[in-house]
Amino acid sequence: MQTRSFRLPFSVADTEEGPIIKWDKYSLLVQFKSFENRACEIVFSEVSHFEFLVEDELDSKIFQYDGAIEIIDSQTINNLVSIGEISKEEISSFHHVVIGFNEIGSYLSVVFKGYATKHA
């Protein structure tokens, strides 16, 4: 499996509160307070798949415990194509990112087309 860093404009390490996750019409809102006690928000759009995993469900040697990575040639995306959730023509516009919230020992895995961030 190949991965690369996925940069966010704020840290997900040592979150003070959250994350709070809200799902509505293929949009996934993730809100939390950073270790600096700043309100942070990520809105993922055109989400085809997401799951919240505990730390022993993923290999911490591959997945950052306190950061975000993108999975290149994601098997999850390939599975979504095989079941018709994502078309073959759209495959290159989707991303699979895993965010490690180390304070609570969990990961958010999400497949999406676009995203926006906001922080106070």
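As an exercise: evaluate Asp66 against (1) outside any strand (DSSP E or B); (2) at pLDDT 95 or above; (3) closer than 18 Å to Thr3 by Cβ and give the number of the one condition it does not meet.
The one condition Asp66 does not meet is (2).
Which ones in segment 25-57 are in a strand (DSSP E or B) and farther than 26 Å from Ser82 by Cβ?
The answer is Leu29, Val30, Gln31, Phe32, Lys33, Ala39, Cys40, Glu41, Ile42, Val43, Val54.
Mind counting the residues in segment 79-120 that are touching a Pro at 6+ places or on another chain (Cβ under 8 Å) and part of a helix (DSSP H, G or I)?
Matching residues across segment 79-120 total 0.
Select from segment 25-63 the residues that are closer than 19 Å to Thr3 by Cβ and among the β-branched types (Val, Ile, Thr) and write down the one among them that is modelled with the highest pLDDT.
That would be Ile42.
Search segment 9-24 for residues being assigned to a strand (DSSP E or B) and within 12 Å of the chain's Cα centre (by Cα), and hand back the single one that is modelled with the highest pLDDT.
Only one residue tops the list, namely Ile21.
From the residues in segment 87-107 that are within 30 Å of Thr15 (Cβ to Cβ) and modelled with pLDDT of 95 or more, which one is farthest from the chain's Cα centre (by Cα)?
So the residue we want is Ser93.
The values are calculated or read from the model by the stated rules, or taken from the named source; none is laboratory data. For clarity, every value in this text was computed on a predicted model and none was experimentally measured. Here the Cβ is made from the backbone with ideal geometry for all residues, glycine too, and neighbour counts use every protein chain on show.
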